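Enquirer: Pasting a structure below so you can have a look.
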Amino acid sequence: MKKALVEKKYLTSLFFMWGFAHAILDVLNKHFQEVLEMTKTRSALVQVMLYTGYFTMAIPAGLFISRRGYRAGVIVGLLLYGIGSLLFIPGEWLMSFEFFLFSLFVIGCGLTFLETARARRQPRVSTWRSRSTDLVRCVRRL
């Protein structure tokens, strides 16, 4: 029971990270336009690169997780997410938009692994809920 609670806390924190990664995109677009003096068309590449990471890594992440398990997928996802985030530091020093795009691509790859691992682990998550809050049981009682 305690192990399931720890897993639930980790998974909840991952949901926060995924939400943060998606919410920060619009803020990054605005700052890239101001600091790097770019057009809106060029700044749209910020979202394009993140979702290109999703597109490119979807099948490899699924294959990796089927072979190695969801825990290995979460570890790889967190590593890629962390590396992509740390790549923002040299990107700031270089003031290179292309480097920022590459960083976002790596973050997108990491998020793909995390979300695929979450989807593979979804049956486990459904067992965490309390029987009293199970919607199906409530409807059956009516």
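Enquirer: Can you find even one residue in the range 3-20 that is touching a Ser or Thr at 6+ places or on another chain (Cβ under 9 Å) and not in a helix (DSSP H, G or I)? Steps first, answer last, please.
Expert: Going residue by residue through the range 3-20, those that are touching a Ser or Thr at 6+ places or on another chain (Cβ under 9 Å) are 4.
The next check asks that each one be not in a helix (DSSP H, G or I); those that pass are none.
No - not one qualifying residue is present in the range 3-20.
Enquirer: Give me the pairs, please: first residue somewhere in the range 39-51 and within 14 Å of Ile107 (Cβ to Cβ), second residue anywhere and surrounded by 18 or more Cβ atoms within 10 Å (Cβ to Cβ) and aromatic (Phe, Trp, Tyr), beta-carbon distance under 7 Å, and either six or more positions apart or on two chains.
Expert: Going by the 7 Å Cβ cut-off, the qualifying pairs are Val46/Phe32; Met49/Phe105.
Enquirer: Okay, moving on. Looking at (1) surrounded by 12 or more Cβ atoms within 10 Å (Cβ to Cβ); (2) part of a helix (DSSP H, G or I); (3) of a type in the set (A, V, I, L, M), can you tell me which one Met38 breaks?
Expert: All conditions are met except number (2).
Enquirer: Can you tell me which residue is surrounded by the most Cβ atoms within 10 Å (Cβ to Cβ) among those in the range 78-101 that are in a loop (DSSP other than H, G, I, E, B) and over 19 Å from the mean Cα position of the chain (by Cα)? Spell out how you get there, then give the answer.
Expert: Of the residues in the range 78-101, the ones in a loop (DSSP other than H, G, I, E, B) are 87, 95-96.
Filter once more, so that each one left must be over 19 Å from the mean Cα position of the chain (by Cα): 95-96.
Numbers: Met95: 10, Ser96: 13.
Filtering the range 78-101 for residues that are in a loop (DSSP other than H, G, I, E, B) and over 19 Å from the mean Cα position of the chain (by Cα), the one surrounded by the most Cβ atoms within 10 Å (Cβ to Cβ) comes out as Ser96.
Enquirer: Okay, next question. Restricted to the range 67-77, and to residues that are of a type outside the set (D, E, K, R) and not in a loop (DSSP other than H, G, I, E, B), which residue is modelled with the lowest pLDDT?
Expert: Per the stated criteria, the residue is Tyr70.
Enquirer: Mind listing whichever residues of the range 27-44 are closer than 20 Å to Trp93 by Cα and either of a type outside the set (Lys, Arg) or modelled with pLDDT under 80 (or both)?
Expert: Those that are closer than 20 Å to Trp93 by Cα and either of a type outside the set (Lys, Arg) or modelled with pLDDT under 80 (or both): Val27, Leu28, Asn29, His31, Phe32, Gln33, Glu34, Val35, Leu36, Glu37, Met38, Ser43.
The values are calculated or read from the model by the stated rules, or taken from the named source; none is laboratory data. Note that the coordinates shown come from a computational prediction; the quantities given were computed from them, not determined experimentally. All Cβ positions, glycine included, derive from the backbone under ideal geometry; neighbour counts span all protein chains shown.
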